[in-house]
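Trainee: Sharing a structure below in structure tokens format, with a few things to ask.
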Amino acid sequence: MIPPSEKPSILVVDDVPNTVEVLQRNLTAQGYTVFTAPGAAEAVRITESTPIDLVITDLKMPKVSGIDLVRHVRENLKDTEVIMITGYPSIEGAVEAVKMGAQEYLPKPFTDEELLAAVRRALDKLHVRQAGRAAALAAPPRPYGLIGESRPMREILKAISKAASASATVLITGESGTGKELVARAIHYSSNRSSTAFVPVNCGGIPEGLLESELFGHVKGAFTGADESRAGFFQTADGGTIFLDEISETSLGMQVKLLRVLQDGEIYMVGADRSRRVDVRILASTNKALTDLVKKGLFREDLYFRLNVVSIELPPLRDRGDDILLLTHYFAGKYGRELGRPTPRFSDGALHVMRHAYHWPGNVRELENVIHRLVVMTEGEGIDVPDLPAPLRFSALRRPDLTRPLAEVEAEYIRNVLAGVGGNKTKAAEILQIDRKTLRKKMEKADGQRRL
């Protein structure tokens, strides 16, 4: 999204004075800097002397059409977006406008809300292109191995620095795939224990019957098959740091034993009759709300308080803004090098989908997997919207309007699919899983509805 500190400039081009006046008034009220022109020739002169972020142009104008103006903008102004408006809407017209480079196609009459929503989307796309270009050129600093320049990540970096300077227990929370182990490693390797062992343990990945032995070790003869004594993860981490991932998956019985370690600094090996002291800093993580588990009696409240001396909550990827673009280019370069290929280039449309349209429920881990797959599977050096996995291509952040008729929703979806494949009806029919004849009938029906 365009940073609030900036004031985008918009050029409105229309040969109808009343339309220009209404658009200028509405856009100025939203804080935009607005210029106007009665035709394409005047608009070109303005763009030659004044930086313009967005051009809103009518399709049919005397002498030079809006399509020609769109073509001029796209060929000469790399940092300017275009919205096409028209009183004669058709699917063919929309496709032609999109092929020429218009980011939005707005049929008259439109509401103030529809106009402002289209403006925001177009400016968001401009920002994504500018940020994507900067991300591709930049080699961002990676403090603690973490990539991100968003405000939430700057706060995380500060928290890591503070946690590293202390010896307190740290509870790291956040959705799956947000990088909790990476943060735990950053804390350890920035602390005075950095030269000692860092031992990660996935508590949810070890069967309950084996977890105690794996954590604390066992003595010879402690159980069937214990032919010799064996140290556990806590002994391995002695003097260093142990990271208990998915701490919420431990049983109440195991939680009692972990509480004893936190309180007394002592462990009991399975089968031993004496305790053993260990000097271990404990870091723990969970993707669940431990307070809710405490209320349900599934997690000990005293252990929760012991673990939660310092708390670091990692933001989901969808809340990290342009970090998505930084991570995209980082992973593309990483896997390109691994495969001996040039770093792939992402189109503006693909970057916009990844930055704005998809929710990323799997967070950074999911993003990395998507980029890895794209680098492996995509032919050539460019990655565009059709190359993206289906969940990304057809995702949308906006809340659906459940009051719209089905025919209207279907028509809009068909127009979006056609625009997404550059007007290629064969590809559109494949995506819609219908034949070209059916597609043609639906297009004609949609055009008829638009003219009503």
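The values are calculated or read from the model by the stated rules, or taken from the named source; none is laboratory data. Predicted model, so just to flag it, every value in this text is computed and none were measured. Here the Cβ is made from the backbone with ideal geometry for all residues, glycine too, and neighbour counts use every protein chain on show.
Trainee: Please enumerate the residues belonging to the stretch 40-91 that are closer than 15 Å to Ala122 by Cβ and among the acidic types (Asp, Glu).
Mentor: Asp53, Asp79, Glu81
Trainee: Shifting gears a bit: Can you name the residue in the stretch 225-272 that is touching a residue at least 60 places away in the same chain (Cβ under 8 Å) and either not assigned by TED's automatic domain parsing to the domain that holds Thr178 or not acidic (Asp, Glu) (or both) and, of all such residues, is surrounded by the fewest Cβ atoms within 10 Å (Cβ to Cβ)?
Mentor: Leu262
Trainee: Pick out the one residue from Tyr268, Tyr304 that is aromatic (Phe, Trp, Tyr), at pLDDT below 95 and more than 20 Å from Arg185 (Cα to Cα). First the steps, then the outcome.
Mentor: Details: Tyr304 fails: at pLDDT below 95.
On inspection, the qualifying residue turns out to be Tyr268.
Trainee: Follow-up question, since we're still on this one. I'm trying to understand the selection: among the residues of the stretch 209-260, which are of a type in the set (Ser, Thr, Tyr) and closer than 19 Å to Arg276 by Cα?
Mentor: To start, the set of residues in the stretch 209-260 that are of a type in the set (Ser, Thr, Tyr) comprises 213, 224, 229, 236, 241, 248, 250-251.
Ser213, Ser229, Thr236, Thr241, listed by residue number.
Trainee: So Ile324 passes all but one of these: (1) modelled with pLDDT under 90; (2) more than 22 Å from Leu211 (Cα to Cα). Which condition number does it fail?
Mentor: Result: Ile324 fails condition (1) only.
Trainee: Right, Thr50: more than 19 Å from Tyr105 (Cα to Cα) and modelled with pLDDT of 90 or more or not?
Mentor: On the way: more than 19 Å from Tyr105 (Cα to Cα): yes; modelled with pLDDT of 90 or more: no.
No: the conditions fail for Thr50.
Trainee: Right, something else. Go over the candidates Ser285, Ser275, Ser347, Ser311 one by one and state the one that is polar (S, T, N, Q), buried (at least 16 other Cβ atoms within 10 Å of the Cβ) and closer than 26 Å to Asp245 by Cβ.
Mentor: Ser285
Trainee: Next question. Quickly run through the stretch 311-350 and pick out the residues that are in contact with a strand residue (DSSP E or B) (Cβ under 9 Å, 6 or more places away or on another chain) and among the aliphatic types (A, V, I, L, M). Give the derivation first.
Mentor: Applying the first criterion (in contact with a strand residue (DSSP E or B) (Cβ under 9 Å, 6 or more places away or on another chain)) to the stretch 311-350 yields 311-314, 325, 328-329, 332, 344-347, 350.
Hits for the stretch 311-350 are Ile312, Leu314, Leu325, Ala332, Ala350.
Trainee: In this structure, is Phe299 closer than 20 Å to Ile172 by Cα and outside any strand (DSSP E or B)?
Mentor: Considered against the rule, which asks whether it is closer than 20 Å to Ile172 by Cα and outside any strand (DSSP E or B), Phe299 comes out as yes.
Trainee: Mind checking whether some residue in the stretch 179-190 is touching a strand residue (DSSP E or B) at 6+ places or on another chain (Cβ under 9 Å) and free of Cβ contacts under 8 Å to residues at least 60 places away in the same chain?
Mentor: yes
Trainee: List, please: which pairs have Cβ atoms under 7 Å, are six or more places apart or on different chains, and start with a residue in the stretch 341-355 that is more than 21 Å from Leu317 (Cα to Cα) and end with one that is part of a loop (DSSP other than H, G, I, E, B) and of a type in the set (Asp, Glu)?
Mentor: Note: pairs meeting the criteria are Pro342/Glu381; Pro344/Glu381; Arg345/Glu381.
Trainee: A further question follows. Could you list all residues from the stretch 196-219 that are among the charged types (D, E, K, R) and surrounded by fewer than 14 Cβ atoms within 10 Å (Cβ to Cβ)?
Mentor: Correct list: Glu208 only.
Trainee: For residues that are within 20 Å of Asp124 (Cα to Cα) and buried (at least 19 other Cβ atoms within 10 Å of the Cβ), scanning just the stretch 357-388, find the one that is farthest from the chain's Cα centre (by Cα).
Mentor: Of everything passing the filter in the stretch 357-388, Ile383 is farthest from the chain's Cα centre (by Cα).
Trainee: I'm told Glu155 meets every condition in (1) modelled with pLDDT under 85; (2) of a type outside the set (A, V, I, L, M, F, W, C); (3) more than 25 Å from Ile242 (Cβ to Cβ); (4) surrounded by fewer than 17 Cβ atoms within 10 Å (Cβ to Cβ) except one. Can you identify the failing condition by its number?
Mentor: Every condition holds for Glu155 apart from (1).
Trainee: Please determine whether any residue of the stretch 160-179 is basic (Lys, Arg), surrounded by fewer than 19 Cβ atoms within 10 Å (Cβ to Cβ) and in the same structural domain as Thr250 (by TED's automatic domain parsing).
Mentor: Checked the stretch 160-179: at least one residue is basic (Lys, Arg), surrounded by fewer than 19 Cβ atoms within 10 Å (Cβ to Cβ) and in the same structural domain as Thr250 (by TED's automatic domain parsing).
Trainee: Considering only the stretch 85-111, state which residues are over 29 Å from the mean Cα position of the chain (by Cα), at pLDDT 75 or above and not basic (Lys, Arg).
Mentor: If the condition is that a residue be over 29 Å from the mean Cα position of the chain (by Cα), at pLDDT 75 or above and not basic (Lys, Arg), then Ile85, Thr86, Pro107, Pro109, Phe110, Thr111 are the ones that fit.
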